[in-house]
Amino acid sequence: MQDDKKIDILSMTYDELSSALVEMGEKSFRTKQIFKWLHGRNAVSFSQMSDISADLRNRLDERFYIQDLKIVRKLSSKKDDTIKYLFELRDGEHIETVSMVYHHGNSICVSTQVGCKMGCTFCASTIAGYRRDLTVSEIVGQIYAAERESGRHADSIVLMGIGEPMDNFDNVVSFLKVLSDERGRGQSLRHVSVSTCGIVPRIRELADMKLGITLSVSLHSAVDTRRSEIMPVNRRYDIHELIKACRDYTDKTGRRISFEYAVIRGVNDSDDDAKALHSLLSGMICHINLIPVNPIKERTYRSDRSGVNVFAKKLSDMGLNVTVRRTLGADIDAACGQLRRKYEI
């Protein structure tokens, strides 16, 4: 069987894999063995599956392939333990993944698309444009490849790399099911954060699923007209519609939402901006995560740590729950999209 005709086994949920094995004439208990090898032991070849017969391993190899992402660049920070990977996919496209170390454990930030179509003006990921969605195996494969290379197990997963997760909704939901399946990796979804720029219908769908994830919403301005300028998605789902969906999300799930806010000097860091944030989010179960904006050569947006801290104090004095994100990997362009852009130019 030609390699391009093989089935992507790492993208299969447990039930999908079970059905495929039954079609091959195998007993259903084989599913548990194989699924554990794939998602519990990070196997990259069927030959590693030592508790199944050589005949079955050969037949699996004829029918399926195991996604194994190729590392084409690796950057290690000299300032902290951050590692940034540029992976090459089977079709030659490239995505980025970042492995980080915090006091509470190790974290991996993964991409969900090749490029992005959302058009946020401060983000490097959107400049090269959108190519395609990532498959389940290409999302989960970033975690497994980074763990194998670094030797660091990821305690938490963040879907905040290249792409808009809610624009690849079905694959992201399947990824969450595969990731959390106790018969494989068994990752607690309470330690998984899914980011969105504000695709309201998908937020509502996610609320109904009650998966237990942390929803992270890229806000970046509480003023409707200004948010539309820097985030085109706001022209489709305005800030009031977005916040209504977010409040409904917390009501349905009981989970606190994290609002990401890239502080841009002279654009969204004034006293009026702070007051608008307070008015918008007051009384809501939420947390505001302030981020010094990452400078990219195609944009003039800038910020500095002292200015971000001043803005944080304004919000805190108003009673809002706010922190300033610790900057990791600044010396290796760890913000999403930058390494891919430099590599492909």
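Where a number appears in this text, it was derived from the coordinates with a stated rule and is not lab data. Worth saying up front: this structure is predicted, and the values here are computed from it rather than measured. FYI the Cβ positions are ideal-geometry reconstructions off the backbone, even for glycines, and counts take in every protein chain you see.
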- Return the distance in nm (one decimal) between the two label points of a simple spin-label model at LYS252 and GLU229, each offset 7 Å from Cα along Cα→Cβ. 3.4 nm
- In the chain, taking the dipole from +1 charges on Lys and Arg beta carbons and -1 charges on Asp and Glu beta carbons about the Cα centre, the listed residue (ALA146, ALA245, LEU277) farthest towards the positive end is LEU277
- Pull up all non-local amide H partners of MET49: gap of 5 or more, or a different chain, and H-to-H distance under 5 Å with H placed in the peptide plane. none
- Task: Show the residues, 5+ positions off or on another chain, whose built amide H is closer than 5 Å to the amide H of VAL263.
- Result: ILE291, VAL293
- Message: Normalised radius of gyration for region 172-213, please: alpha carbon Rg relative to 2.2 N^0.38 Å, two decimal places.
- Response: 1.20
- In debye, nearest 20, what is the charge dipole magnitude of region 70-344 about its Cα centre with +1 on Lys and Arg Cβ and -1 on Asp and Glu Cβ, if you could check? 320 debye
- Loop chymotrypsin sites (Phe, Trp or Tyr not before Pro), region 1-63, which have at most 15 other Cβ atoms in a 10 Å radius of their Cβ (DSSP): none
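Could you check how many percent of all C-alpha pairs in region 3-65 are farther apart than 20 Å?
Everything past 20 Å amounts to 13 percent.
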- Message: Starting from the 7 Å offset along Cα-to-Cβ, what nm value, one decimal, do you get for the label separation of MET209 and ASP272?
- Response: 3.9 nm
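Within 12 Å, Cβ to Cβ, of ALA207, how many net charges do the neighbouring residues add up to if Lys/Arg are +1 and Asp/Glu are -1?
Details: positive: ARG202, ARG204, LYS210, LYS244, ARG247, LYS252, ARG255; negative: GLU205, ASP208, ASP248, ASP251.
So the environment of ALA207 carries a net charge of +3.
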- Query: Setting aside same-chain residues fewer than 8 positions from LYS27, which lysines have a Cα under 17 Å from its Cα?
  - Reply: LYS36
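List the trypsin sites (Lys or Arg not before Pro) within region 211-274 that DSSP assigns to loop and that have no more than 12 neighbouring Cβ atoms inside 10 Å. Don't skip to the end; give the middle numbers.
Values: sites: ARG226, ARG227, ARG235, ARG236, LYS244, ARG247, LYS252, ARG255, ARG256, ARG265; in loops: ARG236, ARG255, ARG256, ARG265.
Those satisfying the criteria are ARG236.
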- Message: In whole Hz and in residue order, list the ³J(HN,Hα) couplings for region 103-109 that follow from phi through the Karplus curve 6.51 cos²θ - 1.76 cosθ + 1.60, θ = phi - 60°; x for Gly and Pro.
- Response: 5, 8, x, 8, 9, 10, 9
- Item | Whichever lysines have a C-alpha closer than 16 Å to that of LYS314, once near sequence neighbours (fewer than 8 apart) are set aside | LYS275
- Using 15 Å as the cut-off for backbone N distance, which residues of region 29-55 belong to the label zone defined by a point 7 Å from the Cα of GLU147 along Cα→Cβ? 35-45
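Please list the three semi-axes, largest first and in whole Å, of the ellipsoid equivalent to the chain, using sqrt of 5 times the eigenvalues of its alpha carbon gyration tensor. All intermediate terms of the calculation are to be shown ahead of the outcome.
On the way: eigenvalues 287, 94, 61 Å².
Three semi-axes, in Å: 38, 22, 18.
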- If the cut-off is a Cα-Cα distance under 25 Å, which lysines reach LYS74, setting aside same-chain residues fewer than 8 apart in sequence? LYS84, LYS297, LYS342
- Output ³J(HN,Hα) for region 36-43: one whole-Hz value per residue in order, computed from phi by the Karplus curve 6.51 cos²θ - 1.76 cosθ + 1.60 with θ = phi - 60°, and x for Gly and Pro. 5, 4, 6, 10, x, 10, 6, 5
- Item | Total formal charge among the other residues, if their Cβ is under 10 angstrom from that of LYS74, Lys/Arg +1 and Asp/Glu -1 | +1
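Within region 52-104, list the trypsin sites (Lys or Arg not before Pro) lying in a DSSP loop whose Cβ has at most 12 other Cβ atoms in a 10 Å radius.
Values: sites: ARG57, ARG59, ARG63, LYS70, ARG73, LYS74, LYS78, LYS79, LYS84, ARG90; in loops: LYS78, LYS79, ARG90.
Passing both the DSSP loop test and the Cβ count: LYS78, LYS79.
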- What's the center-to-center distance, using Cα atoms, between region 259-277 and region 121-139 in Å? 26 Å
